[in-house]
Amino acid sequence: MVRDAWCNTAKDVPLRQAWNMNSEPEAALNPAALADGEWAEALANAVAAGGDYHDYWTALENAAKQVRESAPELERTFALFTGIASLMLQRDKPAEPYFPAMVMSTGRTMAEEDLGDEELVFLASVVSAVEPPKLRARIGDILWRMSDSESRYKFGVIAQPALGRVV
């Protein structure tokens, strides 16, 4: 189960396993998390702190910690959005625009390639409902970049207007 947006990069631990860190079965990603009071409170806290990606990263990480014991499916879902908010944008590298916020010898925060099929399918199913537009635009962009050519148009149509509301 995802505990936070941190990965162990030890050579003997496969990346997907490192991201999930525990041997326990993972809770399912839960689209109802977007209607949960903790989600709304985290978004309000992020906006009050300034509303940049770091604010969403911090607020969603705190929300994930608050529901850790009581609602593992919410924790995993919040942790996924925490990781997405933690990605840093490299405007000068359009082929690889997102990179981990922190990279150290002992681990790193989430990277775009950490998103597996399950996460991508989940994100595709909820992207239209994600608020704020800033997160919706980032998710739409990631889905556009990581989808097959037949699906790209759909995610570009979602990301572009959301990005326009951000800028």
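The values are calculated or read from the model by the stated rules, or taken from the named source; none is laboratory data. If you're wondering where the values come from, they're calculated on a predicted model, not measured in any experiment. When we count neighbours, we look across all protein chains shown, and the Cβ atoms used for this are built from the backbone with ideal geometry, even at glycine.
Examine region 79-101 for a residue that is assigned to a helix (DSSP H, G or I), farther than 20 Å from Gly50 by Cα and assigned by TED's automatic domain parsing to the domain that holds Ala64, and state whether such a residue exists. Break it down into steps so the answer makes sense when it comes.
Here is the first cut: in region 79-101, the ones assigned to a helix (DSSP H, G or I) are 79-86.
So of that shortlist, the ones also farther than 20 Å from Gly50 by Cα come out as 79-80.
Still in the running and assigned by TED's automatic domain parsing to the domain that holds Ala64: 79-80.
Looking for residues that are assigned to a helix (DSSP H, G or I), farther than 20 Å from Gly50 by Cα and assigned by TED's automatic domain parsing to the domain that holds Ala64, one finds at least one in region 79-101, hence yes.
Pairs linking a residue in region 111-130 that is within 23 Å of Leu43 (Cβ to Cβ) to a residue that is among the polar types (S, T, N, Q) and assigned to a loop (DSSP other than H, G, I, E, B), with Cβ atoms under 9 Å and 6 or more positions apart or on different chains, are Leu120/Ser147; Phe122/Asn30; Ala124/Ser147.
Being surrounded by fewer than 18 Cβ atoms within 10 Å (Cβ to Cβ), at pLDDT below 90 and under 16 Å from Ala32 (Cα atoms) is true for just one of Ser149, Ser128. Which residue is that? Even if it seems obvious, please write down each step before you answer.
Numbers: Ser149 fails: under 16 Å from Ala32 (Cα atoms).
Being surrounded by fewer than 18 Cβ atoms within 10 Å (Cβ to Cβ), at pLDDT below 90 and under 16 Å from Ala32 (Cα atoms) holds for just one of Ser149, Ser128, which is Ser128.
As a summary of the residue check, Arg108 satisfies the conditions (1) touching a Cys at 6+ places or on another chain (Cβ under 9 Å); (2) part of a helix (DSSP H, G or I) except for the one numbered (2).
Taking region 52-77 as the search range and keeping residues that are in a helix (DSSP H, G or I) and among the charged types (D, E, K, R), which one is surrounded by the most Cβ atoms within 10 Å (Cβ to Cβ)? Outline the logic, then answer.
Initial filter on region 52-77 (in a helix (DSSP H, G or I)): 53-66, 72-77.
Pick out the ones that are also among the charged types (D, E, K, R) and you get 55, 61, 65, 73, 75-76.
Numbers: Asp55: 19, Glu61: 21, Lys65: 15, Glu73: 17, Glu75: 26, Arg76: 24.
Once the filter is applied, the top-ranked residue is Glu75.
When Asp141 is tested against (1) closer than 25 Å to Gly50 by Cβ; (2) among the acidic types (Asp, Glu); (3) modelled with pLDDT of 90 or more; (4) touching a Gly at 6+ places or on another chain (Cβ under 9 Å), just one condition goes unmet, and that condition is (3).
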